[in-house]
Amino acid sequence: MDLDVLFVGTAGSAPTARRGLPATLVRRGGDRLLFDCGEGTQRQLLRSVGLLELEEIFISHFHADHFLGLPGMLKTFGLRGREQPLAIYGPPGLRALYQALLPVMGRSGFEIRLVELAPKEELERDGYRIAAFQVDHRVSAYGYALIEDERPGRFDEVRARELGVEPGPDFGRLQQGEQVGDVRPNQVLGEARAGRKVVIAGDTAPSDMTAAVAHGADLLVHEATFSLEEAERARETGHSTARGAAELAARAEVKLLALTHLSQRYAGRELRDEAREVFANTIVPRDFDRVEIPFPERGEPRHVRWTEESAVRSPQSAEASVDSIESEC
């Protein structure tokens, strides 16, 4: 099951020539989950992977840079004749926000489900769940965690044969946890294997809740609006410095930290360097970069860099080149 995170927009409250407003796309198998939808998100998607028929959008909070892309995207879906429903999730107040936007968007020709989530509420999916958690911002704001279910342990085919089980459907039943004759699954299956975890913290100061939710995560996407020199400003506005995010990542023992929501005053390298003084496995992705997250036994998360050349070759897939963590922003 493939799992990756595409950084659709990595700027802070204002876009720059190279960074769009906040939006992050998580792709797991055939599922496409968009987290935040800043102004211009549909254009960013068109430039990278195409404007997908998204089924679920998650809004972290109601500052304009995180939702103003919704009216245009929903309007485009309608113009394309979309019929399938779309679910939009967010903190309490989502329905009121949608009603305020209706005069701009008009009525859609497809069903839009608005779901206001409570803190710590979880949405069960096939093989994983999405958990909303409260973060530390100036307004009510959520982070989101995608947490996969545990997977069965490795199947010992040799042992199964020794116990008299023939290859075929009985192998499958044992792997699914069913007893076959006198043979129990725990006789032929190893220890359960951990699933993967991706945490997208949204706009927030470093918080104990984020550290708890992100513990052991394969990838933590955390904002770094400011450098350490602007620590006071970060505290006043409910944002984070690069160093603060790195200290949280170290405490949470995550595998990889991706810094986003950069103020337009920074290019990215200076924030990366500040964070790496505390947490070495830190990247500052550019728009359209992605992180591939294999199962733990198959390796570590990889930062895959997007290039204009690859987008020209294949604008819908935006194939990219892979560099080592050490050489990337």
(request) Mind checking which strands (runs of 3 or more DSSP E) fall wholly inside the stretch 99-161 and carry at least 2 residues that are under 19 Å from the mean Cα position of the chain (by Cα), within 26 Å of Ala192 (Cβ to Cβ) and of a type in the set (Asp, Glu)? (result) 122-125
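Residue-wise test of (1) in contact (Cβ under 8 Å) with a residue 40 or more places away in the chain; (2) touching a Lys or Arg at 6+ places or on another chain (Cβ under 6 Å).
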{"site": "Gln176", "(1), (2)": "no, no"}
{"site": "Arg193", "(1), (2)": "yes, yes"}
{"site": "Pro206", "(1), (2)": "yes, no"}
{"site": "Arg243", "(1), (2)": "no, no"}
{"site": "Ala250", "(1), (2)": "no, no"}
(message) Based on this model, can you work out whether Glu253 counts as out of contact with any strand residue (DSSP E or B) (no Cβ under 9 Å at 6 or more places or on another chain) and more than 24 Å from Ala23 (Cα to Cα)?
(response) yes
(message) All but one of (1) out of contact with any Asp or Glu (no Cβ under 8 Å at 6 or more places or on another chain); (2) modelled with pLDDT under 95 hold for Asp218; state the number of the condition that does not hold.
(response) (2)
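Pull up the stretch 280-307, narrow it to residues that are basic (Lys, Arg) and farther than 20 Å from Thr225 by Cβ, then point me to the one that is surrounded by the fewest Cβ atoms within 10 Å (Cβ to Cβ).
Here the answer is Arg298.
Conditions tested, residue by residue: (1) hydroxyl-bearing (Ser, Thr, Tyr); (2) assigned to a strand (DSSP E or B); (3) under 18 Å from the mean Cα position of the chain (by Cα).
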{"site": "Ala14", "(1), (2), (3)": "no, no, no"}
{"site": "Leu25", "(1), (2), (3)": "no, yes, yes"}
{"site": "Leu34", "(1), (2), (3)": "no, yes, yes"}
{"site": "Gly38", "(1), (2), (3)": "no, no, yes"}
{"site": "Gln42", "(1), (2), (3)": "no, no, yes"}
{"site": "Ile57", "(1), (2), (3)": "no, yes, yes"}
{"site": "Ser60", "(1), (2), (3)": "yes, no, yes"}
{"site": "Met73", "(1), (2), (3)": "no, no, no"}
{"site": "Phe77", "(1), (2), (3)": "no, no, no"}
(request) Could you please let me know if Phe35 is surrounded by 20 or more Cβ atoms within 10 Å (Cβ to Cβ) and touching a Ser or Thr at 6+ places or on another chain (Cβ under 6 Å)? (result) yes
(request) Please enumerate the residues belonging to the stretch 80-98 that are of a type in the set (A, V, I, L, M, F, W, C), within 28 Å of Glu148 (Cβ to Cβ) and not in a strand (DSSP E or B). (result) Leu94
(request) Name the residue, out of Gln134, Gln99, that is touching a residue at least 40 places away in the same chain (Cβ under 8 Å) and polar (S, T, N, Q). (result) Gln134
(request) Kindly indicate the residue of the stretch 268-279 that is farther than 20 Å from Asp36 by Cβ and touching a residue at least 40 places away in the same chain (Cβ under 8 Å) and also least open to solvent (accessible area, probe 1.4 Å) among those meeting that condition. (result) Ala275
(request) Residue by residue through the stretch 194-221, note down the ones that are open to solvent by 60 Å² or more (accessible area, probe 1.4 Å) and in a strand (DSSP E or B). (result) none
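The values are calculated or read from the model by the stated rules, or taken from the named source; none is laboratory data. It should be emphasised that the depicted structure is a prediction, and the values quoted were computed from it without experimental measurement. With ideal geometry, Cβ positions are generated from the backbone for all residues, glycine too; neighbour counts draw on all protein chains shown. Ligands, DNA and RNA are excluded from the accessible area calculation, which covers all protein heavy atoms including side chains. Shrake-Rupley method; radii C 1.70, N 1.55, O 1.52, S 1.80 Å.
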